[in-house]
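Down below is the structure, laid out as structure tokens.
The values are calculated or read from the model by the stated rules, or taken from the named source; none is laboratory data. Fair warning: this is a prediction, and the values are worked out from it, not measured in the lab. Counting neighbours? That spans all protein chains shown, and the Cβs are built from the backbone with ideal geometry, glycine included.
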Amino acid sequence: MKKWLVLVLSFLIFYGCAKAPVTGRTQIMMVSPQQEKAMGFQTERAILKKERLSRDRALIERVNRVGMRIARATGKKLDWKFFVIDKPDVPNAFCLANGHVFVYTGIMKYVSNDAQLATVIAHEIGHAIAHHVAEQVSMAMVTNLATTAAAVAIQHNVHSSSEASAYMMALGLGANLGIVLPYSRMMESEADHIGLMIMARACYDPRQAIAFWEKFAKQGKEPPVYFSTHPSSKQRIAQLQKLMPEALKIYHEHHCDQQPVYHPPLRQSRPAYGDEEDYRVPTRRVAPTYNRLIGPGY
Ligand SMILES: [Zn+2]
């Protein structure tokens with residue numbers, strides 16, 4: 001048991017800890033930012049190979065415009081880029097560690113205005129600037145070390161192989177329910193927290209975050225919280241309500257209410273004639289011209 005503890009501590013001393021932005025939470029980091037970015041690029045290559053990019057010019061422009069405003073409000077100089085994936089049945093979005101944000105068209109049916117789109121993007125960007133991927137990998141490393149040490153201890157202290165496998169199953173379940181899932185839920189809540197403050201800083205009305213999550217909550221049956229990677233919608237909305245006075249303070253301090261931001265309802269449009277060529281989906285490699293076309297600048 002002592003050996004793995006020494007190993008974990010030496011890892012921690014070597015790589016040290018980090019602090020999450022906005023919340024100031026101390027994080028265990030065993031993965032360097034370069035490694036995390038490399039993981040981001042790897043995931044991106046796999047996604048762009050598999051998914052079809054949207055050709056809805058109005059939507060691409062909107063995601064870029066709202067996304068860049070959120071990105072600027074973070075104060076972080078990442079290589080911000082925004083992609084719209086054409087998948088109407090997938091209500092999802094995410095941001096990779098390299099600052100590349102992917103919004104699936106399926107989420108747009110829950111989004112009524114720019115501030116609600118900002119809620120989605122700010123939440124995802126919140127995960128990225130808090131380095132949640134690196135932290136998750138670090139946590140998995142610690143959990144693996146701990147469960148391996150416990151497994152060795154079990155093997156030495158049980159009388160039969162069936163007894164050992166029963167303990168091992170309990171150990172795996174315990175690690176999942178006791179560490180992995182709660183950690184994942186905590187990161188979701190943190191991304192909500194960071195996202196709310198960033199959207200307020202970007203002059204998007206933070207109250208729209210609650211409106212969005214309320215609508216999104218109605219989209220399907222939720223699994224019991226203890227078996228889920230996400231907090232329940234009720235918990236999520238309760239946390240946002242608790243944080244709302246602070247978010248509104250930021251919103252008013254930036255005098256956002258004196259310069260009303262127009263939130264036009266989202267409108268789907270078809271690409272103009274001849275646009276198909278420009279928005280052709282890259283097959284083997286990501287064509288750099290495509291990235292320029294939908295990258296920052298819109
Ligand atoms: Zn999330």
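Figure legend. Inter-residue proximity from the range 48-59: first residues touching a residue at least 40 places away in the same chain (Cβ under 8 Å) and more than 13 Å from Lys87 (Cα to Cα), second residues among the aliphatic types (A, V, I, L, M) and loosely packed, with under 14 Cβ neighbours inside 10 Å, beta-carbon distance below 9 Å, spacing 6+ or different chains. Indicated pairs: Arg57/Ala272. Among the residues of the range 53-69, is any in a helix (DSSP H, G or I) and under 19 Å from His132 (Cβ atoms)? Yes, the range 53-69 contains a residue that is in a helix (DSSP H, G or I) and under 19 Å from His132 (Cβ atoms).
In the range 71-138, counting only strands (runs of 3 or more DSSP E) that sit wholly within it, the ones holding 2 or more residues that are under 23 Å from Asp56 (Cα atoms) and within 15 Å of the ligand (Cβ to nearest atom) span 93-95, 100-104.
Let's see how each residue does on (1) modelled with pLDDT under 85; (2) closer than 16 Å to Ala93 by Cβ:
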{"residue": "Ala128", "(1), (2)": "no, yes"}
{"residue": "Thr148", "(1), (2)": "yes, no"}
{"residue": "Ala166", "(1), (2)": "yes, no"}
{"residue": "Leu171", "(1), (2)": "yes, no"}
{"residue": "Val180", "(1), (2)": "yes, no"}
{"residue": "Asp192", "(1), (2)": "no, yes"}
{"residue": "Met197", "(1), (2)": "no, no"}
{"residue": "Glu214", "(1), (2)": "no, no"}
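Being of a type in the set (D, E, K, R), under 20 Å from Pro206 (Cα atoms) and in contact (Cβ under 8 Å) with a residue 12 or more places away in the chain is a description that applies to Asp114.
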